[in-house]
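Peer 1: First the structure, then my questions, so here it is.
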Amino acid sequence: MATEVQQLSDLMASSVLTLLKTYKENNTPFPGPNEPFTPKSEAFRASQIAVDATNVIAAATLQLAERVLPPHVSVMNLHFRTAALRTALELHVTGIFCEAGSEVAPDVYANTRISSVMDSGNCVVDLFNNPEDKHTGTHGLVAFMEQLIGDRGKFSLRLLENLKDPKYRRRRFAVVVKGMAQMQPSDILDEVIDWKALPKDSVVADVRGGIGTSSIAIALSQETILRGHQCGQAFMPHDFFASQPVANASVFILKQILHSWADPYSARILRSLRAAPLPDTNLIIVDNIVAYACLTPDRRLRL
């Protein structure tokens, strides 16, 4: 026990030093705890070394807390934290703090970096008077967290109640997709391939691309491709386990898809793309690598 605690502490300390060294070398400021969140404030994570260090720090911190707290306290903390977050989201607490401004007197509070992502940016009076429009025109992060903490947490216990009120949830989910887009830079695909080397009027197929966040960004930044209507973009329904209807794509994009599917299903998705392309079609996969909870030998996915 004592040895493990010391190892976790040492791991945290060494990773903190690595993180500080990396962001100083890259001249990317590390955001302060009271600075509001913006995608640009995450610039220091462009370095994989920094990303790895932050992941180690966070994982070691959680494990250290589990080792030193009584087990029942660890479990209860999860419940109370979730309840507090949901209360703050649905009662617009962060919006009230934001409108109050900086802390200039006792009992007058300002948001921190973490709480700032729970502020929709809308006027608090409007939020209380028109709660159904809470997420309209927002960046989407609040909608994402409200759905994650609220509906998904209580869905299994209140299935009937959730099914009775689908309209608001459908509207909110449309904004949730925008919130998810805020979690990655809009130019994440700009340097993956040489877009300008593609022939004029090339077709880029964003497979299950949601509202087209990635492909619209490409269309706006690359004037030589995706000619046509709506910034060169057209939407079509498609089952990605079935045959791919776009047979003339120069590029297929699979963004944040495969990690949700087991190997056999991922193979089916990739096979449908493999049967469709031109001889020089590019496949771009942007995804998370989801590690196993236990150590396992490397495995290959055979297509």
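The values are calculated or read from the model by the stated rules, or taken from the named source; none is laboratory data. Everything numeric here is computed off the predicted structure, so don't read it as measured data. Because the Cβ atoms are built from the backbone with ideal geometry, glycine has one as well, and the counts that use them run over all protein chains shown. The accessibility values were calculated without ligands, DNA or RNA, using every heavy atom of the protein model including side chains. Shrake-Rupley method; radii C 1.70, N 1.55, O 1.52, S 1.80 Å.
Peer 1: Could you check how many residues of segment 239-270 are open to solvent by 60 Å² or more (accessible area, probe 1.4 Å) and assigned to a helix (DSSP H, G or I)?
Peer 2: 6
Peer 1: Being more than 16 Å from the chain's Cα centre (by Cα) and modelled with pLDDT of 80 or more is the filter here; which residues of segment 29-53 pass it?
Peer 2: Result: PRO29, PHE30, PRO31, GLY32, PHE44, SER47, GLN48, ILE49, ALA50, ASP52, ALA53.
Peer 1: ILE57 fails exactly one of the following numbered conditions: (1) closer than 20 Å to ILE289 by Cβ; (2) surrounded by fewer than 15 Cβ atoms within 10 Å (Cβ to Cβ); (3) touching a Ser or Thr at 6+ places or on another chain (Cβ under 9 Å). What is the number of that condition?
Peer 2: Tallying (1) closer than 20 Å to ILE289 by Cβ; (2) surrounded by fewer than 15 Cβ atoms within 10 Å (Cβ to Cβ); (3) touching a Ser or Thr at 6+ places or on another chain (Cβ under 9 Å), ILE57 fails exactly one: (2).
Peer 1: If we keep just the residues of segment 79-116 that are at pLDDT below 65 and in contact with a helix residue (DSSP H, G or I) (Cβ under 8 Å, 6 or more places away or on another chain), which is surrounded by the most Cβ atoms within 10 Å (Cβ to Cβ)?
Peer 2: TYR109
Peer 1: Determine whether segment 126-139 contains at least one residue that is out of contact with any strand residue (DSSP E or B) (no Cβ under 9 Å at 6 or more places or on another chain), part of a helix (DSSP H, G or I), within 20 Å of LYS40 (Cα to Cα) and modelled with pLDDT of 70 or more.
Peer 2: No, the conditions are met nowhere in segment 126-139.
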